[in-house]
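Chemist: Please read through the structure below; I'll follow up with questions.
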Amino acid sequence: MSAMQPPDRIHVGQSGNPHHPIRVAIPGRPAADVTHDELVALQHEIRHYLLYPVPAGVGRPSNSGG
């Protein structure tokens, strides 16, 4: 984490890993190195959870395809 970033906030920055170039650091959890696509998917999941805070099996349609 940079010196300017407060330690109790989520930090997103460069990881140095060419295959997973983005590092997401959440206080109290190990940092995760992700790709751009993985970060976008995570953002969509968070947004969906905040808009529809219902457990996946209760209020969302099944994606089983059957």
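We did not get these values from a lab; they are worked out from the coordinates using the rules stated. Here the structure is a predicted model, which means the values were calculated and not measured. When we count neighbours, we look across all protein chains shown, and the Cβ atoms used for this are built from the backbone with ideal geometry, even at glycine.
Chemist: Relative contact order of the stretch 11-54, please, whole-number percent, based on alpha carbon pairs below 8 angstrom and at least 6 residues apart.
Modeler: Details: 43 pairs, mean separation 11.1, N = 44.
After rounding, I find 25 percent.
Chemist: Order of His11, His48 from fewest to most other C-beta atoms within 10 Å?
Modeler: Details: His11 15, His48 12.
In increasing order of surrounding Cβ atoms, one gets His48, His11.
Chemist: Could you run the Karplus curve 6.51 cos²θ - 1.76 cosθ + 1.60 with θ = phi - 60° over the stretch 18-29 and give me ³J(HN,Hα) per residue in whole Hz, x for Gly and Pro?
Modeler: Along the stretch 18-29, the couplings run x, 8, 9, x, 10, 9, 10, 10, 10, x, x, 9 Hz.
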